[in-house]
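The values are calculated or read from the model by the stated rules, or taken from the named source; none is laboratory data. It should be emphasised that the depicted structure is a prediction, and the values quoted were computed from it without experimental measurement. Ideal geometry is used to build each Cβ from the backbone, glycine not excepted, and the neighbour counts take in all protein chains shown.
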Amino acid sequence: MKRKMERVFIIIGSLWNLITAFLTMFSYNSWFQSEGAKQFQNAETNLALAGGQMINNISKIIFLFGLFMLIASIINFVVAMNVKDNEIQYKLIIWIGIWTAIQLVSMDIIGFVFYMLAFVIYMAKNKAIKLAQSQVSTQ
């Protein structure tokens, strides 16, 4: 049984993660820094110093999250290229399940839908592969 649909959904999800990673690291991160700096411009010195440090720390976390998404998108692309036809790959099931949960926790609904579709289709085809293998072994 061909696994083309699963590959396509994982690749689309990977591309979506790549886009959101770059948007997070560069666009959102710089916007957050500039807006945060504006909020503390007219504050007293101690508050401005503490606020600036807080903005800096949060900005680093935003960048790290974007970097995490970038690395994961590359991993997902490699995983999609290594999906094998007519075979049940249990590690792949675990990976897609974990990554689907990560997408849901991070509130990336579009990514969640892509990976959930890949997961559901993969599981459905696994059932068909198991039935085909059991019919071949009984004959």
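Give the range 68-100 a look and list any residue that's crowded, with 17+ Cβ neighbours inside 10 Å and not hydrophobic (A, V, I, L, M, F, W, C), or say none. Within the range 68-100, SER73, ASN76, THR100 meet the criteria. Among the residues of the range 3-60, just one is at pLDDT below 90 and among the basic types (Lys, Arg), namely LYS38.
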